Each structure stands twice: as C-alpha cells, then as structure tokens.
Amino acid sequence: MALLKGELGRLEKALQFPFFMTERGLDTTMRDVPLIIFGVGGVGRALLRQIIASRRLHADRFGLFLRVVAVVDSSGAVVAPSGLGDKELSEIEQAKAGGLPLVRTPTGREIPDARSVVDMVGVEEAIVVDCTASEAIIPALEVALERGYGVVLANKKPLTGSLDLFRRLTASGRIRHEATVGAGTPIVATMAMLIRSGDEIRRVVGSFSGTLGYLMTEVQSGRPFSEAVSRAHRMGYTEPDPRDDLGGIDVARKALILARMLGWELDLSDVAVESLYPVSLANTPVSEFLTNLSSLDREIASRAAAAEKEGKVLRYVAEIAEGRCEVGLRAVPAESPLGRLRGSDNLAEFHTRWYNPHPLVLQGRGAGVNATAAGVLADIVELALSMV
C-alpha cells in the first residue's frame, strides 16, 4: 500500500509538471529540488523565465526538477508546498512585470517577515534563492542554513555585512554566490578554483560594473561625462538613481567579497572608495542631480586627456592586493586587457604565482538581468547536484 501511495504521489506530480514524464513513461529517478525565491524584480522575473525554459535540459542532462514552492516580494508571498506550476509561475512573472505586488495576486498572502516563509513551506530540504537587494532577508538565510538547506545569492549585502555574518553564512559549504560579483561571468568560481589549487593570488584587478564600464568608454570616445550618464539613465543602464552606481559602493561590495574569499579580515569601511560625484550633489532630486552633473565634465575630460597623452585610458577599477581593497577611477594602459575593454562587459585579471607575468583574464557580460539570472540558475543547479 505504501508503495502504491508513493507511485500515486509521483504520478500526481508528473501530471502537474509534465517533464516528470519521459518517452519511457513515468521517470521515478528525477530528483525534486524545492526552491524558495525571494525577490521578483528584474533578476527574479528573469530567473522564473529561465527555470521554465530549462525544464527539459535540467531533466535530461541532470535528472533535476526545480519545484518552486514559494515566491516572495516585499509585500507578501505566494506559497505552494506542492509546487507552483509553470502556468502559475508565468502569471506571477507577468503580474510583477506589470507592477502588481504579490500580495494583490489571486493566491498572494501577507507574511510577517522573510523568515516565516521558510516555516510556511514546511519541506525537508530546499534551496533558498535571494534575488533581493535587502538586508531584511538575512534571518531567513540563517535559518535556512541551520535546517540544512542550500542558499544561492545574487544579493551582495549578506556577504558584505559583518565579518562574523560572512563566516556564519559561508561555513556550511552550502552557499553559492556567483552573481554577487560578475553577474554571469564566473569570477567567483575562478577565484575559488585558484584557491583550491593552492595557487597564490597576489593581485586581482578588474572592472566590476557594467554601468561604469559603459560610462568610461563613452568618455573615451569624447562624450561629456554628464551626457554619458544621462544617456545611460534613459536607456536603463543605471539604477533609477544613478548615484547608486556612481558612488562606487556596489563595486566596493564586490571587491570585498573577493577579498574575504582570500581570507582577508576586512569590512566595507576598510575599502577605499572614490565616488564619481561630490557630496554637494548627494541629496538633490535625481532630475536636479543629472542637470548639475555637467559641473564635473571639465574635470573628467581633463583626466581623460592626461591619460591619453600617456597612452592610457580611464577605467573605474577595483584592485585587491597586499591586504587592501581600493575602487576608483584609474588611468590604465590602452593596450592592457582593461584598456581594451569596451561597453558594459565585466573583466577580471588574476595575477598569481602560476599566471605570471601574464594574468588569467576573464571577460563577459557585466550588466543585464538575464546574465545575472543565468549565474543564479547555474548556482542552483550546481548546488542541487552537490547536495545529493
């Protein structure tokens, strides 16, 4: 009877999620992986689309079925321990794209806090996915790890808070965070590989912001800085408030994550950060900020011209070396990997014992929700396979 009940349960799931069915009939070897997804902004929505589109690949190649049991935003959640069907996930994605909070969707509900969702789901094992940009998610991540769940992060804030929190989160070995540094470019995975190999990482230099990379190549082409920022803002390349990009804190968080991976005991306050706008423009409305940004055009153009005279170009660079982290505008040789960088790509140079005198260089798409979501999805699959 127990065996029959189990088969009926698998059949019911197969009817709800068709990729449990193969050409040979019911596939009882498929590994079911519950997902709790926090954050349904651009990255979270792209992740839902990619999960649906990758069903066949995950089933045929890895024997995995990613069962989304909860989707959460700042207003509330949609929770279904038996799993949300692909039609429901598409409806959630479309509702959020239209600006509708989850609590106002047909099956949405209010929640007391992020941690309570983990209790609502009530599954024995799961992967919690953080696609937010919030610190409020941290208690949910901690309780998930305490229960033996896995955690995948696109959110940088949990790893750049206190050093003690970083250690607690990473000690389990059940956390993945590729998208916190390089979107879909495997900078974190490469760093981890070099560390495991015993290579000595002496210096990491890179362009870790697709937005700032785009701005610097626009300046290099002769466009005034303020015009480049306004253009990037109109095209959606910047955050709604461009100061979130221009202040350099996002790049500083990425540099800090890499430094902490090296075992360096640094806090965010230890990272030297050069902002691309003055304090006097910090609290003005966005429209006024963009108008007043022209006051910086002459200075940045002068720095670009001085760099060009030396055969160099301006890039917004993160450098991790000799126990310190610095991020800011630097003049780099025009023929170096960073100097040849164009557009919004990310780039990282790893200068190590074995990669010497020529560094190991990674370059790839550094902006866009699809690239970031792809990095998150790859982490989910890798973590699911490692937790077997």
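Number of residues in the stretch 330-388 that are closer than 30 Å to Val33 by Cβ, in a loop (DSSP other than H, G, I, E, B) and not hydrophobic (A, V, I, L, M, F, W, C) equals 2.
Of all residues in the stretch 239-255, those being free of Cβ contacts under 8 Å to residues at least 60 places away in the same chain, out of contact with any Ser or Thr (no Cβ under 8 Å at 6 or more places or on another chain) and part of a helix (DSSP H, G or I) number 2. Of everything listed in (1) closer than 17 Å to Gln363 by Cβ; (2) among the aliphatic types (A, V, I, L, M); (3) touching a residue at least 60 places away in the same chain (Cβ under 8 Å), the single unmet condition for Ala304 is (1). The residues listed here are Val128, Val121; of these, the one that is buried (at least 17 other Cβ atoms within 10 Å of the Cβ), under 22 Å from Arg174 (Cβ atoms) and modelled with pLDDT under 95 is Val121. Looking at Leu194, Leu163, just one residue is at pLDDT 95 or above, touching a strand residue (DSSP E or B) at 6+ places or on another chain (Cβ under 8 Å) and more than 30 Å from Arg303 (Cβ to Cβ), and that residue is Leu194. Of all residues in the stretch 31-87 being among the charged types (D, E, K, R) and free of Cβ contacts under 8 Å to residues at least 40 places away in the same chain, which is surrounded by the most Cβ atoms within 10 Å (Cβ to Cβ)? Applying the filter and picking the extreme gives Asp73. Looking at the stretch 148-169, which of its residues are free of Cβ contacts under 8 Å to residues at least 40 places away in the same chain and assigned to a helix (DSSP H, G or I)? Pro158, Asp164, Leu165, Arg167, Arg168, Leu169 - these are the residues of the stretch 148-169 that are free of Cβ contacts under 8 Å to residues at least 40 places away in the same chain and assigned to a helix (DSSP H, G or I).
Scanning the stretch 77-91 turns up one or more residues that are at pLDDT 95 or above, within 15 Å of Asp130 (Cα to Cα) and in the same structural domain as Val151 (by TED's automatic domain parsing). If the condition is being within 21 Å of the chain's Cα centre (by Cα), on the phi > 0 side of the Ramachandran plot and surrounded by fewer than 21 Cβ atoms within 10 Å (Cβ to Cβ), then the stretch 180-211 contributes no residue at all. Of all the criteria given as (1) within 16 Å of Ser226 (Cα to Cα); (2) of a type in the set (S, T, N, Q); (3) part of a strand (DSSP E or B), the one not satisfied by Ser295 is (3). Across the stretch 273-295, which residue is nearest to the chain's Cα centre (by Cα) among those that are over 13 Å from Asp244 (Cβ atoms) and among the small types (Gly, Ala, Ser)? It comes out as Ser287. Once the stretch 213-238 is narrowed to residues that are touching a residue at least 12 places away in the same chain (Cβ under 8 Å) and assigned to a loop (DSSP other than H, G, I, E, B), the residue that is farthest from Gly42 (Cα to Cα) is Pro224. Here Gln94 clears all of (1) without any contact (Cβ under 8 Å) to a residue 40 or more places away in the chain; (2) assigned to a helix (DSSP H, G or I); (3) surrounded by 18 or more Cβ atoms within 10 Å (Cβ to Cβ) except the condition numbered (3). Taking into account only those residues within the stretch 298-324 that are among the hydrophobic types (A, V, I, L, M, F, W, C) and part of a helix (DSSP H, G or I), which is surrounded by the fewest Cβ atoms within 10 Å (Cβ to Cβ)? Only one residue fits best here, namely Ala305.
Mind checking whether some residue in the stretch 338-350 is in the same structural domain as Val219 (by TED's automatic domain parsing), in contact (Cβ under 8 Å) with a residue 40 or more places away in the chain and touching an Asp or Glu at 6+ places or on another chain (Cβ under 8 Å)? Checked against the condition, which is being in the same structural domain as Val219 (by TED's automatic domain parsing), in contact (Cβ under 8 Å) with a residue 40 or more places away in the chain and touching an Asp or Glu at 6+ places or on another chain (Cβ under 8 Å), the stretch 338-350 yields at least one hit.
The values are calculated or read from the model by the stated rules, or taken from the named source; none is laboratory data. Computed from a prediction, not measured in an experiment: that's the story for all the values here. Counting neighbours? That spans all protein chains shown, and the Cβs are built from the backbone with ideal geometry, glycine included.
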